[in-house]
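Note sheet for the following structure.
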Amino acid sequence: MSESRLKFKLEAKASGSRARAATFYTLHNEVKTPLFMPVGTQATVKAQTFETLHDSGSQILLANTYHLLLRPGPEVFQKFGGIHSFMNWSKSVLTDSGGYQIFSLPHSRSIGEDGAEFRSYVDGKKILLSPEVSIATQMAIGSDIMMVLDQCIPSTADKATAKRALEITQRWAVRSLKARGESPQSMFGIVQGALYPELRKQSADGLTQLPFDGFAIGGLAVGEEKQEREDTCEIAAALLPEDKPRYLMGVGTPLDLLEAVHRGVDMFDCIIPNKVAQFGTAFTSKGLLQLRRSVYKFSEEKIDANCACPVCQKYSRGYLHHLTKTREPLGWTLLGQHNIAFYHQMMREIRQSILEDRFLEYYNSRRTVLAVEDAENPASPPKVGKERRPRTLGDYVVHIASAGFASIKQVSSGEIMHSHTPPMDEAKSLYVDQAELLKHLRLPEGKSANDVPELIIWDVGLGAATNAMAAVQCYEKLASEGEVRRMKIISFENNLDALRLALTHKSKFEYLRHSAPDAILARKHWTSRQFPGLSWELHEGDFWETAPNVSEKPDIIFYDFFSHKTDTHGWHPDAFKKLFAVVKSDKSLALFTYSASTAVRASLLAAGFNVAAGVATGVKSETTIALINHEKVSSRYALLDREWLSKWERSNAKFPAMLAASDQPSFEQAIRTHSQFKS
């Protein structure tokens, strides 16, 4: 392994963790890790001054080669003697290569062995961004750390695509090193490989044989779930040498950073602290504050009593609420200043805990707090008795499982919503992940949100709003990274007591710490202020009476009634016939439900749906997916085949118990002649 230009020195490793503290030296300053790098894409961190960035503790700023190549251009940096004198910044600068922007921006582009060809958004000219052009531009910019040009792809890409991308990234890495020559600037290689451990190893094995000064973990925060990102980060970090810095690109929230430090990462960048400030969100030692909420209108408190930043010393929550509501730029500036200072302070605390070998204690105490929202002022606090909040409402009661998580139980039937798995875990795996919601929300190349039809989700059986909120969280996560398709959730429920009860116990149902559920209960509709392309409406009453009056045909259905023992009508063969008639259109449709009973699957087939086996959940080894125009839907859904048909034909329970004997011949004929079983 070659010696790093950065003179990297590992100072401490935490017991029981891969967390580490180190020091390295750039061309401009000493850098202490772990550290966060504010994003200054176009030689500026939006709404911030370099004085506030310096005073908050920023050691490195990130700028972007793609944007700076187009404007102001390399010749400007050459004239000014580099980016430091151009923007009057005395500390370090890291330049991203432009690979992610080529991947994510909606302008026409093509990628080949030579590089990425795209049209400039400035003047429409075609430009070839090759490894050589990227490095030449970064050398003109004069950054302390340069990144190799890489091909970024969605983390959920198939294995063959991921393999091709990492292989071209490897070849570009060799060319990038050659293009650097004898420049004193440092350079990082980028480990790719999507979510495939063996590809991550292949990428790391190749890059670590080259004389890079550090290594980045790329291709994350572009579509995967949180647990997938953390697992892949841990695998990739473990493959990298201990004597050079490790950089996780484009991630993320304070909790994301804490988890990644635990897995051995040293450096981070993300737009989140400054971006969410624009909409009134502040990170604090007690979790998130949503200062746009009216509860803070008269508050004289500071954002965070434990924060020493100038904003927390001078300004009240009430004033910052006013600036946010009036969309005054000063609000963005002040909240961004605080958020960036919070990130830096957290990284200093993490570093100190590692040096004192108490990181695990810090990690366990902070990870449960960082994601909590408005802990001191929950949205729409329930009006309850003086001593305790009631755990029952109407026919529902809060149920605490032996595993410790809470769910809602119907007293009359004894049925529990999400009885074996934490509600949000089941909602994500059974509904959001299976529906490939992230894939549906991404815009096609060259398209804007106005060019693509709105994605419509029917949430049949709102319950305690778990499934709908899983979809909301998925949307907000992706939308925080850039423009996405518009999405509307349409929920149906005839008894709102389950949601009302859950909302009085937000400490047990943390996914309800959000403005949407209170609004949907109060007004029956909600549109996100932060992401206006996201909306939600509620139809109260009998589903079979209200659904035919809804004009928007669904792309996705979450079908989550109580079981047939409790809600017989919802699972009757005639119900699925009615549903098919209501939702059938030229669009493709995928319906997801927890039931895997033969009767339900047969009823769906007889109604005209194509039917596939779904993922396991709780104690169920399978669930069910029903499709319309299935040839337009993901090919990964495995349709029931003739083997299933043979088992059904031999079954002693071929017909649903509620099916009249006179209807059985036509029911059987519909299944036997179903197009699904012809091939």
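Based on what the data block shows, is Leu659 in the same structural domain as Asp586 (by TED's automatic domain parsing), out of contact with any Cys (no Cβ under 6 Å at 6 or more places or on another chain) and closer than 27 Å to Ala157 by Cα? For Leu659, the condition - in the same structural domain as Asp586 (by TED's automatic domain parsing), out of contact with any Cys (no Cβ under 6 Å at 6 or more places or on another chain) and closer than 27 Å to Ala157 by Cα - is not met.
Being of a type outside the set (D, E, K, R), surrounded by fewer than 17 Cβ atoms within 10 Å (Cβ to Cβ) and in contact (Cβ under 8 Å) with a residue 24 or more places away in the chain is the filter here; which residues of the stretch 519-543 pass it? Reasoning before the result, please.
Our first condition is that a residue be of a type outside the set (D, E, K, R); within the stretch 519-543, this holds for 519-522, 525-528, 530-536, 538-539, 541, 543.
In the following step, the residues that additionally are surrounded by fewer than 17 Cβ atoms within 10 Å (Cβ to Cβ) were identified as 522, 525, 527, 532, 541.
Passing the criteria: Ala522, Gly541.
With respect to the stated conditions, Lys647 fails to be more than 27 Å from Leu438 (Cβ to Cβ), at pLDDT below 95 and in a loop (DSSP other than H, G, I, E, B).
Listed conditions (1) buried (at least 17 other Cβ atoms within 10 Å of the Cβ); (2) over 27 Å from Asp158 (Cα atoms); (3) without any contact (Cβ under 8 Å) to a residue 40 or more places away in the chain are all met by Ala613, apart from (2).
Restricting attention to the stretch 22-47, and to residues there that are of a type in the set (S, T, N, Q) and in a loop (DSSP other than H, G, I, E, B), which single residue is nearest to Ser85 (Cα to Cα)? Walk me through it before giving the result.
Initially, the stretch 22-47 is screened for residues of a type in the set (S, T, N, Q), giving 23, 26, 29, 33, 41-42, 44.
Now restrict to residues that are in a loop (DSSP other than H, G, I, E, B): 26, 29, 41-42, 44.
Working: Thr26: 16, Asn29: 15, Thr41: 16, Gln42: 15, Thr44: 13 Å.
Only one residue tops the list, namely Thr44.
Apart from one condition, Ser588 fits all of (1) crowded, with 21+ Cβ neighbours inside 10 Å; (2) closer than 18 Å to Val432 by Cα; the exception is (1).
Of all residues in the stretch 47-78, which are under 18 Å from Gln345 (Cβ atoms) and either surrounded by fewer than 15 Cβ atoms within 10 Å (Cβ to Cβ) or not assigned by TED's automatic domain parsing to the domain that holds Met147 (or both)?
In the first step, residues of the stretch 47-78 are kept if they are under 18 Å from Gln345 (Cβ atoms); the result is 48, 51-61.
Residues satisfying the conditions are Glu51, His54, Asp55.
Please indicate, with yes or no, whether at least one residue in the stretch 493-513 is assigned to a strand (DSSP E or B) and touching a residue at least 24 places away in the same chain (Cβ under 8 Å). Taking every residue of the stretch 493-513 in turn, at least one turns out to be assigned to a strand (DSSP E or B) and touching a residue at least 24 places away in the same chain (Cβ under 8 Å). Take Ala341 and decide whether it is assigned to a helix (DSSP H, G or I), of a type outside the set (Asp, Glu), outside the structural domain of Gln530 (by TED's automatic domain parsing) and over 29 Å from Gly16 (Cβ atoms). Answer is yes for this residue.
Specify which of the listed residues (Ser143, Ser176, Ser130, Ser134) is closer than 17 Å to Asp96 by Cα, among the hydroxyl-bearing types (Ser, Thr, Tyr) and surrounded by fewer than 23 Cβ atoms within 10 Å (Cβ to Cβ). Lay out the reasoning, then the answer.
On the way: Ser143 fails: surrounded by fewer than 23 Cβ atoms within 10 Å (Cβ to Cβ); Ser176 fails: surrounded by fewer than 23 Cβ atoms within 10 Å (Cβ to Cβ); Ser134 fails: surrounded by fewer than 23 Cβ atoms within 10 Å (Cβ to Cβ).
Matching residue, one of Ser143, Ser176, Ser130, Ser134: Ser130.
Gly81 fulfils the conditions (1) over 26 Å from Gly336 (Cα atoms); (2) surrounded by 15 or more Cβ atoms within 10 Å (Cβ to Cβ); (3) modelled with pLDDT of 90 or more except for a single criterion, (2).
Among the listed residues Pro245, Pro241, Pro254, which satisfies the condition of being within 30 Å of Val484 (Cα to Cα) and assigned by TED's automatic domain parsing to the domain that holds Gln170? Talk me through it step by step, then tell me what you get.
Values: Pro245 fails: within 30 Å of Val484 (Cα to Cα); Pro241 fails: within 30 Å of Val484 (Cα to Cα).
Testing whether each residue is within 30 Å of Val484 (Cα to Cα) and assigned by TED's automatic domain parsing to the domain that holds Gln170 leaves just Pro254.
The values are calculated or read from the model by the stated rules, or taken from the named source; none is laboratory data. Here the structure is a predicted model, which is why all the values come from computation and not from measurement. With ideal geometry, Cβ positions are generated from the backbone for all residues, glycine too; neighbour counts draw on all protein chains shown.
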